[in-house]
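Since the structure comes first, as structure tokens, the remarks are kept for the end.
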Amino acid sequence: MPIAPHPPETWIRPTAAGLYCEPGDFYIDPQQPVSRAVITHAHGDHARAGNAQVLATPETLAIMQTRYGGDAGGSLQPLGYGERLRVGGTEIRLAPAGHILGSAQIVLDFHGVRVVVSGDYKRRADPTCTPFEPVCADLFVTEATFGLPVFHHPPAAAEIDKLLHSLRLFPDRCHLVGVYALGKCQRVLALLRQAGYDEPIYLHGALLALTRLYEAFGIALGAVLPASGVTRDSLKGRIVLAPPSAFAEPCSRRLPDPVVAQASGWMRIRQRAKASGVELPLVISDHADWDELNMTLDEVAAGEVWVTHGREEALVYYANKRGYRARALTLIGFEEEE
Amino acid sequence: MNRFAALLEALLLTPSRTGKLRLMGEYFATEPDPDRGWALAALTGELSFAEAKPNQVRALAAARVDPELLGWSYDFVGDLAETVSLIWPVAPLTASGASPPVPGLAEIVGNLRRAGRAEVAPLLAPWLDALDPTGRWALIKLVTGSLRIGVSARLAKTALAEWSGVAVDRIEEVWHGLEPPYQRLFDWLEGRRPPPEIGDLPTFSPLMLAQPLEDDDLARLDPVDYLAEWKWDGIRVQLVARAGNKRLYSRSGDDIGAAFPEILAAMPDEVTLDGELLVIRNGEVASFNDLQQRLNRKVPSEKMLRDYPAAIRLYDILRAAGEDLRPLPFAERRRRLEAWHDASGPHAVLDLSPLIPFSTWDELRALRDRARDHGIEGLMLKRADAPYLAGRPKGPWFKWKRGALTIDTVLMYAQRGHGKRSSFYSDFTFGAWDGDALVPVGKAYSGYTDEELRRLDRWVRNNTVRRYGPVREVAPGIVLEIAFDSVHRSTRHRSGVAMRFPRIHRIRWDKPCREADTLEALERLLN
């Protein structure tokens, strides 16, 4: 590879607040309020409240407004997928990351050198968001949430079949499925509809607003009803989606003999499922698995790879072994929720 | 193998006892022989492959996967079977384009039983290739011999009983005369053949158990009808010797003889005895903690045998010289026991639990309240005319535990329970004052009503100061009066003491937590 006149490490670097692009004078997914923020996607650990100026996809901005209201940012600037914008000396483009609605990779060009920051991403089809677009990069900054070779996500449709099978097996029990409120909830709804399940699905209150927002963006999710205020008996044989934290809430006691399920990539590990009291683990992830992380490097990375949050050490080791110049970036603040 | 693997996984993830019983019952009903028999052997812990070691599995994986990546994965997952089952690379298709054939459980067991040390790995590799991740996980659990899925041998036998309609004690009686894959057992349970003959095998006889004595029971009982013994704080065992074969069984019918070679060596032949396993030094019963040292070892060292000498205090005889004594009244069995003990002695490790003479309940109550010795938990009352009946019949035997000790403690941590209680903070760690600091002294899971549990749960949620995963630390604010049977020194607990059977006696909503007891007060109760 020719030596670039402006190698990436001279103009983009990790700081305490987050990844900082100097010629553009902005932070990507800052962990503390800054004057200019570019946000990959609206999950709480990436999109914090209180930045002065925020640049993100229109969907991400809408979700941030739903969550944070007036605190979403001083000024909000939408940038659709594929549109280009000059900020200082850099050109910014947002490319779909396939993680959740509105999720984007940040593509930065500076004097002929390209840096792509993946944010969180996945490579599987998802009816609720635009698929990942591979963009070749001199430096690819990748996540590594599932960066160990024990993580092979099975096809999501087969996991949904497990849920539907259990529903037929226990027609008098309610199926309580733990889902992350943003993204996973709506994807599970869409997957159930794809599998032909057209009964109403009941949602914990914390999931309603974002689900309505997805629908407002034209994503059809079928009949969705609030789980509160419904009689115990009417939830027999029904699917109730709730954030995993709600399992511990008093309201879960009202459900008729629930089968406790959870939709997450972590469910691959049985003892982890067991330890969280999950009877029916559904391995449905919005992140790339081990093979997909490595395949993506092969598709987009020209030489240099920075690995951010997750199990960095294994992916860094393996990427180096396969000829990349890889290193771990220790960025604080990112969570393991999914 | 796939059905067995699915069963193991479902058993692991199903928290409720009834759910586990139903899963096993369905499996026994639908899985053909001999696979279901091998599965039963695995579930009851009767299956082991001496030549298969966890290291062989690890080495196989390291040959297929980058060892660095294997190491990081194992660190993260924390369980060898789980790690290897997930990391094992997908096998190439065979020449004809088909997946490799999935092995059956009987095929796996048969081959492994015949295999020498060097043959284990070459057998395992193609099986791991052919199985899916759940199948690989189950295979590794099976060969390395620790299922850890929350199923005891007793629960597996209970599932057999519920499925077949044959009482579990009938199954226990013949169990030790049977061999995997248990064709003879299934033939009987499905009505194709009569019950198996026990013959000369040293099989386990299900135990007769006592009811707890309730406050108002004594008023209805006549002291003349009962004999009294001390209730010893050891573990209940059954000694069986037949035709030179000797066994020491725990109360659940597990053979624990290997851990107590001195007992087996000293046991006379042709007898079945019921008694309490204890550590006895110079005639003095040692604490339950000392016995625990022996129970934790599969095979004791010379030093263990010397420092923790085991003995059995006998209280019943079920069979002698080929005669079943269980139909005889207890008073007659007691005479037979004494006669047998005299005739077969002298005995180094077998002594008799004495009968306690008394004429009124008050006299007995006074004896019980004074008894603070090591090793005495209370009294046993046994009807003189009662035969030996398996199970827990109401009336013939009572256990009358001595009054519990109590101490006022402060609630420190709460953890969510399991199953029905999974949305409640129901497991409580409590502490005693050591100066200005609270030191955790124990954990209790019981002793509250549903209403009290709801109130405690609410209080915990509103007074959490820190969270550690499923555990919440709470601000000192609630005094729990804890009842317990005894307290012992312990090097495994930060406080240096450990309680036996702690349970919540009362919740002292009224009491300021500064007025709870001190660690020193608890130490004064050490015996």
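The values are calculated or read from the model by the stated rules, or taken from the named source; none is laboratory data. Computed from a predicted model, the values in this text were never measured in an experiment. For neighbour counting, all protein chains shown are included, and Cβ atoms are generated from backbone atoms with ideal geometry for every residue, glycine included.
Here are some notes:
- The numbered conditions (1) assigned to a helix (DSSP H, G or I); (2) buried (at least 16 other Cβ atoms within 10 Å of the Cβ) are all true for A:A181 except (1).
- Among the residues of region B:357-386, just one is touching a Phe, Trp or Tyr at 6+ places or on another chain (Cβ under 9 Å) and β-branched (V, I, T), namely B:I376.
- Verdict on A:I239 being buried (at least 21 other Cβ atoms within 10 Å of the Cβ), more than 14 Å from chain B (Cβ to nearest Cβ) and under 21 Å from B:T14 (Cβ atoms): yes
- Among the residues of this structure, A:S252 counts as one that is within 11 Å of chain B (Cβ to nearest Cβ) and touching a residue at least 24 places away in the same chain (Cβ under 8 Å).
- Selection from region B:38-72 of residues that are at pLDDT 90 or above, touching a Leu at 6+ places or on another chain (Cβ under 8 Å) and farther than 30 Å from B:Q183 by Cα: B:Q56, B:V57, B:R58, B:L60, B:A61, B:A62, B:L69
- Looking across A:A181, A:A190, A:A144, one residue alone is within 14 Å of chain B (Cβ to nearest Cβ), in contact with a Leu (Cβ under 9 Å, 6 or more places away or on another chain) and in contact (Cβ under 8 Å) with a residue 40 or more places away in the chain. It is A:A144.
- Total residues in region A:8-22, condition in a loop (DSSP other than H, G, I, E, B) and β-branched (V, I, T): 1
- Any hit, region B:17-32, residues being on the phi > 0 side of the Ramachandran plot and within 14 Å of chain A (Cβ to nearest Cβ): no
- Residue check for A:A246: within 13 Å of chain B (Cβ to nearest Cβ), part of a helix (DSSP H, G or I) and under 23 Å from the mean Cα position of the chain (by Cα): yes
- Matching residues, region A:35-79, being farther than 21 Å from A:D286 by Cβ, aliphatic (A, V, I, L, M) and not in a loop (DSSP other than H, G, I, E, B): A:A37, A:V54, A:L55, A:A72, A:L76
- From A:L203, A:L210, A:L297, residue being modelled with pLDDT of 95 or more, away from every other protein chain (no Cβ under 14 Å), in contact with a Lys or Arg (Cβ under 9 Å, 6 or more places away or on another chain) and over 30 Å from A:V316 (Cα atoms): A:L210
- Number of the exception - B:G78 against (1) loosely packed, with under 15 Cβ neighbours inside 10 Å; (2) away from chain A (no Cβ under 14 Å): (2)
- Taking each residue of region B:426-446 that is in the same structural domain as B:G477 (by TED's automatic domain parsing) and farther than 18 Å from B:L525 by Cα and looking for partners that are surrounded by fewer than 18 Cβ atoms within 10 Å (Cβ to Cβ) and among the hydroxyl-bearing types (S, T, Y) with beta-carbon atoms closer than 8 Å, six or more apart or interchain, yields B:S426/B:Y445; B:D427/B:Y445; B:F428/B:Y445.
- Residue in region B:83-90 that is over 19 Å from B:A138 (Cα atoms) and either within 14 Å of another protein chain (Cβ to nearest Cβ) or buried (at least 18 other Cβ atoms within 10 Å of the Cβ) (or both) present: no
- Any hit, region B:175-190, residues being assigned to a loop (DSSP other than H, G, I, E, B), buried (at least 17 other Cβ atoms within 10 Å of the Cβ) and of a type in the set (A, V, I, L, M): yes
- Residues in region A:250-278 that are assigned to a loop (DSSP other than H, G, I, E, B) and in contact with a Ser or Thr (Cβ under 6 Å, 6 or more places away or on another chain): 1 in all.
- Search result, residues across region A:104-115 that are out of contact with any Pro (no Cβ under 7 Å at 6 or more places or on another chain) and either outside the structural domain of A:E292 (by TED's automatic domain parsing) or crowded, with 23+ Cβ neighbours inside 10 Å (or both): A:Q105, A:I106, A:L108
Quick grid of which residues meet (1) within 14 Å of another protein chain (Cβ to nearest Cβ); (2) out of contact with any Phe, Trp or Tyr (no Cβ under 9 Å at 6 or more places or on another chain); (3) under 20 Å from B:P32 (Cα atoms); (4) free of Cβ contacts under 8 Å to residues at least 60 places away in the same chain:
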position: B:A121; (1), (2), (3), (4): no, yes, no, no
position: B:A130; (1), (2), (3), (4): no, yes, no, yes
position: B:L147; (1), (2), (3), (4): yes, yes, no, no
position: B:S152; (1), (2), (3), (4): no, yes, no, no
position: B:L155; (1), (2), (3), (4): no, yes, no, no
position: B:T158; (1), (2), (3), (4): no, yes, yes, no
position: B:W163; (1), (2), (3), (4): no, no, yes, no
position: B:R170; (1), (2), (3), (4): no, yes, no, yes
position: B:G191; (1), (2), (3), (4): no, yes, yes, yes
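- Condition check for A:R124: in the same structural domain as A:D29 (by TED's automatic domain parsing), under 25 Å from A:P23 (Cβ atoms) and either among the basic types (K, R) or buried (at least 22 other Cβ atoms within 10 Å of the Cβ) (or both): no
- Residue check for A:P96: under 21 Å from A:A263 (Cβ atoms), surrounded by fewer than 21 Cβ atoms within 10 Å (Cβ to Cβ), assigned by TED's automatic domain parsing to the domain that holds A:I39 and at pLDDT 95 or above: no
- Residue check for A:V278: of a type outside the set (G, A, S) and more than 19 Å from A:L164 (Cα to Cα): no
- Number of residues in region A:300-325 that are closer than 20 Å to A:T40 by Cβ, assigned to a strand (DSSP E or B) and more than 14 Å from chain B (Cβ to nearest Cβ) equals 6.
- When restricted to residues that are more than 7 Å from chain B (Cβ to nearest Cβ) and either touching a strand residue (DSSP E or B) at 6+ places or on another chain (Cβ under 6 Å) or over 22 Å from A:E292 (Cα atoms) (or both), region A:262-277 contains 6.
- Selection count, region A:293-313, where residues are among the acidic types (D, E) and surrounded by 20 or more Cβ atoms within 10 Å (Cβ to Cβ): 2
- Residue within region B:384-404 that is surrounded by fewer than 18 Cβ atoms within 10 Å (Cβ to Cβ), assigned to a strand (DSSP E or B) and in contact with a His (Cβ under 9 Å, 6 or more places away or on another chain) present: no
- Residue list for region B:111-120, restricted to those being surrounded by fewer than 17 Cβ atoms within 10 Å (Cβ to Cβ) and small (G, A, S): B:G116, B:A118
- Region A:213-236 - residue that is surrounded by 17 or more Cβ atoms within 10 Å (Cβ to Cβ) and modelled with pLDDT of 95 or more and, of those, nearest to the other protein chains (Cβ to nearest Cβ): A:V224
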